[in-house]
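Quick notes on the structure that follows.
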Amino acid sequence: MLNKEERAFIKKNKDKLSLKEMADKLGMRAKILTKEIKRLEREHPAQPVKAGEAGKYRPGSISSSNIKKVIGCAIFIFIATFSVYFNTMENDFIWDDEYLILNNSQVKSFSHIDNVFKTYVGFGSENVNTFYRPLQELSNMLDYFLWGEDPMGFHLTNVLLHSAFAILAFIFIFYVSANIPVAFIAALLLGVHPVNTEAVAYIAGRADSLYSIFFLLSLISFVRYSGHIIKGKNCLMLIISANIFFILALLSKEVSLVLPLLVILYIFFLC
């Protein structure tokens, strides 16, 4: 049983520290602490929302009480998404894959890394375009180093990227909605829906998965930051990470420029 000081410590730090950090500070095992937290929640259930706070938005958060559900949902989404697109690894290089990879001398040696950030994607081939996507070029460079001209490895990377995107979509929707079932169903449908086939089955389409990953990481960081602001806390690292991920998204695909607009809409309608 917890004493008065331990109960007060848990209530104060439940949303600030991880389960392991709290367990270390209290000198008890994480498994035992989890049981005590659940007991506290049963003894002191959440109070009903007051009339003046009924419309106040509160973003979701991952805590010791829901982390197992979140992890379980994330694993299921990853397995389902990966399974649906697993057969794409039998595909060959097609269309733009030829000039982006097979005929692109720039991706065939790490000595060209500096040049990747100075040129357009596929610069090492005869194709000329205006797309500045250095992270896509770097990902092709890494795949070429690992797999050579075997398309299976490139397709594997695409499937893994899309599966990671589906998990991040789940986390983002959960943070915004504070509803695990809603986030799970929405992200699962997003992960397995055939509308994403081109981005996954077509190697050159990986720019969509790449920018989406960093795009969501930036939004997740900002939503978490806004949650800290609502609670009267300060977390500079979250806003810094949001900007870093935004830059990485821009280096993956140009459409990432719309992210600031989404942040403004989020602040206007929810914060």
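The values are calculated or read from the model by the stated rules, or taken from the named source; none is laboratory data. Just so you know, these numbers come straight off a predicted model, no measurement behind them. Cβ coordinates were reconstructed from backbone atoms using ideal geometry, including for glycine residues, and neighbour counts include every protein chain displayed.
Which of the residues spanning the range 144-174 are free of Cβ contacts under 8 Å to residues at least 40 places away in the same chain and within 22 Å of Asn196 (Cα to Cα)?
Answer for the range 144-174, where residues must be free of Cβ contacts under 8 Å to residues at least 40 places away in the same chain and within 22 Å of Asn196 (Cα to Cα): Gly153, Ile173.
With the range 152-231 as the region, which helices (runs of 4 or more DSSP H) entirely inside it contain at least 2 residues that are in contact with a His (Cβ under 8 Å, 6 or more places away or on another chain)?
Fully inside the range 152-231 and qualifying: 197-201.
When you check Val192 against the structure, is it among the β-branched types (Val, Ile, Thr), assigned by TED's automatic domain parsing to the domain that holds Arg133 and touching an Asp or Glu at 6+ places or on another chain (Cβ under 9 Å), yes or no?
Against the criterion (among the β-branched types (Val, Ile, Thr), assigned by TED's automatic domain parsing to the domain that holds Arg133 and touching an Asp or Glu at 6+ places or on another chain (Cβ under 9 Å)), Val192 does not qualify.
Among Ser177, Ser226, which is the only one that is in contact with a Pro (Cβ under 7 Å, 6 or more places away or on another chain), modelled with pLDDT under 95, more than 30 Å from Asn127 (Cα to Cα) and surrounded by 13 or more Cβ atoms within 10 Å (Cβ to Cβ)?
Ser226
So which of Ile75, Ile79, Ile71, Ile94 is in the same structural domain as Ser163 (by TED's automatic domain parsing) and part of a loop (DSSP other than H, G, I, E, B)?
Answer to the selection: Ile94.
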